[in-house]
Amino acid sequence: MNALSKTALAKTTLGFCLVIAVGCGDNAAKQPAASPAAPNQVSDVERYFPLLADTVLAYDTESEISGEKGMLVMQVRRTRAEHAELYVAGRAKRLELVKSGIRLSGGGWLLKSPLTQGMRYKGDFGEVLVTHVGKALTTPAGAFSDCVVTVEQAGSRKVTTTFCRDVGIAELVVEGQVGEEFGRERAVLRSHGPRVDIGADLPPPPPKK
């Protein structure tokens, strides 16, 4: 991989983390333990990013500049009914679940009501525009018929996120300048569901004789 490809890949990882509000600049965190049960009234906005405790979402990633392919894994942890944490690569970002949407604890919104085409609000690094409502999307994880698409942009950086009902982020596209070239990175949902602890329910080994 050449220097430009490495730079592009690093910026891609940063972009993915930024958009899903994981904040790669945050302090590293331990891998999330099992989330405590927390009663929660799901709002209309949350249906497009449910944030259920111990949900794991896996994405196939690809860089147009380098051709590199990989995987991005995100896990949800719920500490309280009104708070959620997203973990990627050992780093976490806190979200606040309020009546009007999903708010980033550091300021700005991940999703904000009303989810109507043309709606604008402050995001993590720029202004967010809702460009599509009720869009269909097919991914390796399945076909989804009710998705909301948002575009966040600031300067040369542009991030397009597709949130699908009862699933969450199903597709993520990061575009921007990488050195003297324009880069485009894409992550598409491969699978989603509750975390599985392999061996957690297995009986203990028999005692040695």
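Every read-out reported here was derived from the displayed coordinates using simple, explicitly stated rules and does not represent laboratory data. Source: prediction; values computed, not measured. Reconstructed Cβ throughout: ideal geometry from the backbone, glycine too, with neighbour counts over all protein chains shown.
Taking a ≥ b ≥ c as the square roots of the eigenvalues of the alpha-carbon gyration tensor, segment 38-136 is classed oblate because a/c is 1.5 or more while a/b is no larger than b/c.
Could you list the residues of segment 153-197 with an amide nitrogen less than 20 Å from a label point located 7 Å from the Cα of Ala89 in the Cα-to-C-beta direction? So the set is 157-161, 169-179, 183-191. Subtracting the Cα-Cα distance of His132 and Arg195 from 0.36 nm times their residue separation leaves 19.6 nm of extension gain. Within segment 38-115, the trypsin sites (Lys or Arg not before Pro) that combine a DSSP coil assignment with at most 16 other C-beta atoms in a 10 angstrom radius are Lys99.
Using the Karplus relation 6.51 cos²θ - 1.76 cosθ + 1.60 with θ = phi - 60°, the per-residue 3J(HN,Hα) values for segment 49-65 come to 7, x, 6, 6, 4, 6, 6, 10, 10, 10, 10, 7, 10, 8, 9, 6, 6 Hz, with x marking Gly and Pro. Quick check on segment 107-192: take the gyration tensor over C-alpha atoms, sort the square-rooted eigenvalues as a ≥ b ≥ c, and tell me if it's rounded (a/c under 1.5), prolate or oblate. Oblate shape, in that a/c is at least 1.5 and b/c is the bigger or equal ratio.
Electrostatic tally near Arg186: other residues with Cβ closer than 13 Å to its Cβ, Lys and Arg +1, Asp and Glu -1, net -3. In order along segment 107-122, the Karplus-derived 3J(HN,Hα) couplings, from 6.51 cos²θ - 1.76 cosθ + 1.60 at θ = phi - 60°, round to x, x, 10, 8, 9, 9, 6, x, 7, 10, 4, x, 5, 10, 7, 6 Hz, and Gly and Pro are given as x.
Structural descriptor for segment 67-118: relative contact order 19 percent, calculated from alpha carbon pairs under 8 angstrom and at least 6 residues apart.
Here the gap between Ala143 and Ser156, fully extended at 0.36 nm per residue and compared with their Cα-Cα distance, gives a gain of 1.6 nm. Step through the table entries Lys93/Lys122; Lys69/Lys135; Lys99/Lys158, compare each Cα-Cα distance with 23 Å, and write down the pairs that go over it. In this structure, Lys69/Lys135; Lys99/Lys158 exceed 23 Å between Cα atoms.
Placing a pseudo-label 7 Å from each Cα along the Cα-to-Cβ vector at Thr116 and Asp44 gives an inter-label distance of 0.9 nm.
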